[in-house]
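Mind looking over this structure? Questions follow.
The numbers here are math on the coordinates, done by the rules we state, and not lab data. A quick note: this is a predicted structure, and the numbers were derived from the prediction, not measured. Glycine gets a Cβ as well: all are built from the backbone with ideal geometry, and neighbour counts include every protein chain shown.
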Amino acid sequence: MIRSFPHISILQSASAGRMICAMLTRRQFSKWIVGSGLLASGNFRVAGESPRSASRGAEQAATQDCDLLIKGGTVVDPAQNLHAALDVAVKDGKILELAPDIAASRALRVVSAKGKLVTPGLIDVHVHVFEGVGPTGLNADQYCLGRGVTTAIDAGSTGYADIAGFRQYVIKPSSTRVYALVDIGARGTILGLIGNYANLDWVNAQLTARAAETNKPDVVGIKVRLSREITGSNDLEIFRRALEAARIARLPLTVHVGDSFSPLPEILVQLRKGDVLTHCFTGRPNGPLDANGKIIPEMIDCRQRGVFFDVGDGGPHLDLGVAEKCLQQNFLPDTIGTDLGGLSYNGPVYDLVTELSKFLLLGLTVDQVIERVTIRPTRIYNFGADFGSLRPGSVADITVLEVREGSFLFTDSTGKKRTGRQKLQSAAAVRAGKLYVNRSEDQLNS
């Protein structure tokens, strides 16, 4: 049936329990999900959920020791080297138990995950969700939690001047767990202006570090963009200031590369253990490959000394040909961030599950891609919370995924299309023990 609300069209199938949401602001989305009773309520049902009577006897209620039970799925938890048929029990916002065939009578609510994957809540380490500010900010709940991502890092939509506003108006009210990187440029990356760093008076290591420290633990890193259209010829000086800010704030530095003014090796040799290079498979000039298609030695040196590598597609920054050559040389990304924003949500990125599907096409396994969006990000950033695994006692962040079989087109930054035989699709998510319906967009890449 079709239900209409202002600025939103919802197609809800009675047989599949799926929905399509479009053109909805964060505030409108939050109001709707609370008012509809679909999220975090006893009325919510996903595909295959077993109806349970609301009226149970006192003797039955006494046996219920968990709030939510996800039954019949295949648990994929790389942190525990698990890929097995297991049920997942949740109590008080924490993972209570993983075991085969947990009795349904123990749970207040039972959700069937038959034929689906049950993973730790997906973590996207590279998004832009300063909604309403600049052209790239998206609604975190609609485009992250609504598509299976329980935790997201905004990768530098703010600088020292506006990080407090981002915390107040995005991080606090969002149902998605949102963290931030503070951009070394005072205007951040959000406006996307040519020559954003041209005025070095605005590139201030001390003010950036102070803003990051003041806004911890919501701030988990510093960001710098080293493309020539942003830095001009000053990229190495700007990079030096960003490294200084990260050192003062005792945080990792995430470095955006692709068509830098200076050769990439001059940047790579300065990265420290724990820093992150994003857009690692860029096809723009000064990328990771030499003229013969071989990985430049400085990339390998970085990995050996503990630098991390993120995909950060964003539309212009993932060349599948470059990625394929790197994978063939056993150079895999550490994280698969989307760089999702207002310029890429409608293609070629779409969402995190689509991005993961691109790497299934390139030959990574389901376990390998899930590892890069669950436990691995927690080894890079200090989130101040225990998630990224379904280990009992950890925060109950869970994603339920379908693996669709068929023929799916994927597009990279060059406009080239490749056909994959599998596509991951978000079915539902649990964030700190609360169950959320996810957006299903079967039309994407179909």
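In angstroms, what radius of gyration and Dmax does region 248-328 have, counting Cα atoms only?
12.1, 40
Let me ask something additional. Taking a ≥ b ≥ c as the square roots of the eigenvalues of the Cα gyration tensor of region 158-305, is the shape rounded (a/c under 1.5), prolate (a/b larger than b/c) or oblate?
Prolate, since a/c reaches 1.5 and a/b exceeds b/c.
Could you put 296, 222 in order, starting from the residue whose Cβ has the fewest other Cβ atoms within 10 Å?
Lowest count first: 296, 222.
Then there's this: With a 10 Å Cβ neighbour count serving as the proxy for reagent exposure, in which order, fewest first, do 123, 230 appear?
Sorted ascending by nearby Cβ count, the order is 230, 123.
Let me ask another. Which whole-Hz couplings ³J(HN,Hα) result when phi for each residue of region 344-350 is put into the Karplus expression 6.51 cos²θ - 1.76 cosθ + 1.60, θ = phi - 60°, listed in order with x for Gly and Pro?
9, 5, 9, x, x, 7, 6
If you take the alpha carbon radius of gyration of region 120-380 and divide it by 2.2 N^0.38 Å, what ratio comes out, to two decimals?
0.91
Within 10 Å of each residue's Cβ, count the other Cβ atoms and sort 126, 256 from fewest upward.
Listing 126, 256 from fewest to most nearby Cβ atoms yields 256, 126.
For a 25 Å ceiling on Cα separation, which of these pairs sit above it: 294/416; 172/358; 91/116; 294/417?
Correct reply: 172/358.
Shifting gears a bit: Would you please give the residues with an amide H less than 5 Å from that of residue 223, counting only those at least 5 places away or on a separate chain, with H modeled from the backbone geometry?
182, 183, 184, 254
Restricting to bridges with both residues inside region 120-380, how much of the DSSP beta-bridge set is antiparallel, in percent to the nearest 5?
5 percent
Quick one: grab the alpha carbon gyration tensor of region 294-446, order the square roots of its eigenvalues as a ≥ b ≥ c, and give me rounded if a/c is under 1.5, else prolate or oblate depending on whether a/b is larger than b/c.
The shape class here is oblate.
Report, ordered by chain and residue number, the aspartates and glutamates lying within cross-link reach of residue 114, taken as a straight Cα distance under 14 Å and ignoring same-chain residues fewer than 8 apart.
49, 87, 101, 402
Can you give the FRET efficiency for residue 193 and residue 104, using 1/(1 + (r/R0)^6), R0 = 51 Å, r = Cβ-Cβ distance, to the nearest 0.05?
For R0 = 51 Å, the calculated efficiency reads 0.35.
Sticking with this structure for a sec: Could you sort the peptides 365-371, 137-143, 158-164 by per-residue average Cβ neighbour count (10 Å cutoff), highest mean leading?
137-143, 158-164, 365-371
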